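The values are calculated or read from the model by the stated rules, or taken from the named source; none is laboratory data. In this text the structure is predicted, and so the values were computed from the model without any measurement. Ideal geometry is used to build each Cβ from the backbone, glycine not excepted, and the neighbour counts take in all protein chains shown.
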Amino acid sequence: MDDDDLRLRVKAALQRAPAPGAPDMAPVVDRARRLRGRRVVVAGVAAAVAAAAVVVPLALLAGLGGGPSAGSAAALPDAVRVVCDATGTRILTPEARPQPDGIHFRVDNRTAGDLSFQVADAGGSTAPAGLHEPADPRSGGSGWTLAPGRIDLRCQDESKDAGSKAGYVSVRILDPRGLWVSTRLGCQEVAGGSIDYKPDARGGSDPVAMARQHFEGLHSDDVVERAGFPEQAYPTVRVVRGGQVIATADFHSDGHGGWLLDQTMACVGALQGY
């Protein structure tokens, strides 16, 4: 950094500081080079001089960088903010992060009537006039169970054709806290099924145990575990074999505090019956 005052202060600090160890300085050097040319005043810095360049501790450089980096949990909003008006659909948060129960949308409907809020490949919900948080039509919860990545959405007049592809806008969902546990099957051929129950059916309390009992042909080293978001409205369980997801099971509430097995998907040939 071409700043004589900074050099003098760092040299003075070096004389007072104990001898440093031998950390990996490559990331720090790279950050220092990017900051070259910035005029800063730094007091009380303990640093090291390497390769004729001033190397400042990474924690200090992060502070000088002006806040959290893009994509960090602190820098991302925890809900997708959407404005719907006569001109169409606008995204105010091009990037957002999920909450523990899923992805949240806050829709500001600036028209005089109700609109249909639609997420591609996930269904739709009513967006009344004003500010509203639409519920996931599959669970009724405010957190939508959608994998992080690109999501296409739109507001549409309820009288228009929902099958039209026009009017969608995109938002990118990042997951810096690693909340999402993937449910994507690692195979090309997939078979599935669903189960019907009597109106008064009662379910179980442990979806993982229920999935393990349902899937026949499990290997001794298969991992059966909860997937999706940790607090999503309805649980999902996955089966992992050799690092690949080979089956998933979705559950819904029995209305009495228990869970009923709803839909299953599995790689063809991986388990008995699929």
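If you go through region 205-236 one residue at a time, how many are closer than 16 Å to Asp254 by Cβ and loosely packed, with under 15 Cβ neighbours inside 10 Å?
Residues in region 205-236 being closer than 16 Å to Asp254 by Cβ and loosely packed, with under 15 Cβ neighbours inside 10 Å: 3 in total.
I'd like to know if region 151-160 contains one or more residues that are in the same structural domain as Thr87 (by TED's automatic domain parsing), closer than 21 Å to Arg81 by Cβ, assigned to a loop (DSSP other than H, G, I, E, B) and hydroxyl-bearing (Ser, Thr, Tyr).
no
Considering only residues that are surrounded by 14 or more Cβ atoms within 10 Å (Cβ to Cβ) and of a type in the set (Gly, Ala, Ser), look in region 179-192 and name the one that is nearest to the chain's Cα centre (by Cα).
Checked region 179-192; the qualifying residue nearest to the chain's Cα centre (by Cα) is Ser182.
Could you grab the pairs with beta carbons closer than 6 Å, sequence gap of 6+ or different chains, first residue in region 203-227 and touching a residue at least 12 places away in the same chain (Cβ under 8 Å), second one among the polar types (S, T, N, Q)?
Matching pairs, first to second residue: Glu216/Gln272; Gly217/Gln272; Ala227/Thr183; Ala227/Thr236.
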